[in-house]
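J.: Pasting in a structure now, in structure tokens, and then I'll have a few things to ask.
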Amino acid sequence: MKKFLMIAAMMLMSIGAFAQDGKFAIGADFNYLIDSNSSRMAPGVKIQYEFVESFRAEANFKYYLKKDFVTFWNAGLNLQYVIPVAEGFNVYPMVGAGVFGATSEGHDGTTTFEFGGGAGAEYFLTENVKLYFDAVYQYGKKDGVKMIDNPILSLGIAYAF
């Protein structure tokens, strides 16, 4: 876990070395993990950096609200390819990896490496404010047991600068 967090921090710091004229965005979102047994909601935050035209990296964190005495959290890094569709409207496929954790009352928490892929769309309301929607499928296993194997829908707002 410590090694992964160190690698993730180094990746984020190195993003700035690729280009000097990148574009940042920071946002907040509402996430919905779809599960046939126990769907969950989560507030989340993200930061994006466009390091080359049409390519950007994104770091995100989600904290799933407690349900049935269990809480989940997810921290991840994604790579996105932005495709302009119309003035102020973009779509983007994405791939990524991260760490998924679960904690239940009275028990130690557990974490696992997860990876995923999906797509999203964004619409700029103004030059700096955008709405976005992401649909991502995440998968992670630990000791042969699936920790996460679900789609996640995100709806949010971000400020680009």
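The values are calculated or read from the model by the stated rules, or taken from the named source; none is laboratory data. Predicted model only: the values in this text are computed from it and were never measured. Methodologically, a virtual Cβ is constructed for each residue, glycine included, from the backbone with ideal geometry; neighbour enumeration extends over all protein chains shown. For the accessible areas, the whole protein counts, side chains as well, though only heavy atoms, and no ligand, DNA or RNA atoms are used. Shrake-Rupley method; radii C 1.70, N 1.55, O 1.52, S 1.80 Å.
J.: What number of residues in segment 24-42 are closer than 18 Å to residue 78 by Cβ and either modelled with pLDDT of 95 or more or exposed (fewer than 14 other Cβ atoms within 10 Å of the Cβ) (or both)?
T.: 10
J.: Here's another thing I want to ask about it. Return the residue satisfying two criteria in turn: it lies in segment 43-60 and is within 19 Å of residue 91 (Cβ to Cβ) and crowded, with 20+ Cβ neighbours inside 10 Å, and of such residues it is nearest to the chain's Cα centre (by Cα).
T.: If we take residues in segment 43-60 being within 19 Å of residue 91 (Cβ to Cβ) and crowded, with 20+ Cβ neighbours inside 10 Å, then 60 is nearest to the chain's Cα centre (by Cα).
J.: Oh, and also: Find the residue count for segment 120-146, including only residues that are closer than 21 Å to residue 73 by Cα and open to solvent by 50 Å² or more (accessible area, probe 1.4 Å).
T.: Residues meeting the conditions: 9.
J.: If you go through segment 43-61, how many residues are free of Cβ contacts under 8 Å to residues at least 60 places away in the same chain and closer than 13 Å to residue 74 by Cα?
T.: Going through segment 43-61 one residue at a time, the tally reaches 5.
J.: Would you check which residues across segment 78-96 are farther than 16 Å from residue 133 by Cβ and open to solvent by 30 Å² or more (accessible area, probe 1.4 Å) and list them?
T.: 79, 81, 84, 87, 95 - these are the residues of segment 78-96 that are farther than 16 Å from residue 133 by Cβ and open to solvent by 30 Å² or more (accessible area, probe 1.4 Å).
J.: Considering every residue within segment 136-154, establish whether at least one is assigned to a loop (DSSP other than H, G, I, E, B), of a type in the set (Gly, Ala, Ser) and free of Cβ contacts under 8 Å to residues at least 24 places away in the same chain.
T.: yes
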